[in-house]
Amino acid sequence: SRLTSLIGKPGDRKLTIITAPAGYGKTTLLGEWLAVSSAHNQRTAWVSLDLFDNSPFRFWFYLVAAIRNIFPTFKFRIDSLLSPGTFYKVTGLDPLINEINALPFYLNIILDDFHVLKDPAIMEGLSYLIEYQPKNLHIIIASRVRPDIPLARLRTQGRLVEIDTDELAFSFDEACSYLND
């Protein structure tokens, strides 16, 4: 409960970043958070990333597909990012941002195993989404390394939650409780 409360409730934060090596329980924490934070006014799109997702088209395609999985009427067309010269202009994400803003629920987007992504265009696009994200969007990144996106302003605004190995480690009381129960 200590960790799930750090991730927050809808509207609390813009971005949550969970950073720790393999085996520290990042994905388990997110699953637990989903189990205890389910509310009628929020939906969660979960994208589990792998090495093959390190291309802008594939990344945005899977992200939109995850949103469409919970909102079948989501109309954003990924091919609008493929127009000549449009993809690398982050303003091509404006229709996506506007459509998320129009959703009737609060949207959580979980990007699990984010450390596999290295493409600068993905980082630029995600930074743009974070900068202009609507109030009904919370992005949660689970990664083995700190993502290569600007965080200073969100940190100073109190809109960023950072969970690392220190927070993920059990306290003595938590370890006793876990082993005894």
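The values are calculated or read from the model by the stated rules, or taken from the named source; none is laboratory data. As the structure is a computational prediction, the values presented were derived from the model and not from experiment. These accessible areas exclude ligands, DNA and RNA; they are computed on the full protein's heavy atoms, side chains included. Shrake-Rupley method; radii C 1.70, N 1.55, O 1.52, S 1.80 Å.
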_Computed [θ] at 222 nm, helices only, for the chain once each DSSP H run of length n ≥ 4 contributes -39500 (n - 2.57)_ = -11000 deg cm²/dmol
*Between rounded, prolate and oblate, where does the stretch 38-132 land on the alpha carbon gyration tensor, with a ≥ b ≥ c its root eigenvalues, rounded for a/c under 1.5, else prolate if a/b exceeds b/c?*
oblate
*Would you please give the residues with an amide H less than 5 Å from that of Ile18, counting only those at least 5 places away or on a separate chain, with H modeled from the backbone geometry?*
Ile141, Ala142, Ser143, Ile163
*Reach of Lys135 by Cα under 13 Å, taken over aspartates and glutamates that are not fewer than 8 positions away in the same chain*: Asp12, Glu99
*His138 long-range amide H proximity, modeled H, under 5 Å*: Leu107, Asn108, Ile109
*asked:* Tell me the carbon and sulfur percent of the accessible area for the stretch 73-181, rounded to whole percent, probe radius 1.4 Å.
replied: 54 percent
*asked:* Under 14 Å between alpha carbons, and skipping anything fewer than 8 positions from Lys26 in its own chain: which aspartates and glutamates qualify?
replied: Asp112, Asp113, Glu162, Asp164, Asp166, Glu167
*Per residue accessible area in Å² of the chain, where ligands, DNA and RNA are left out and the probe is 1.4 Å*: 54 Å²
_Choice from Thr91, Thr16, Thr156 with maximal GNM fluctuation in the chain (Cα, 10 Å cutoff)_ = Thr156
_So if I average 1/r over every pair of distinct C-alpha atoms in the chain and take the inverse, what Kirkwood radius in Å does that give?_
17.1 Å
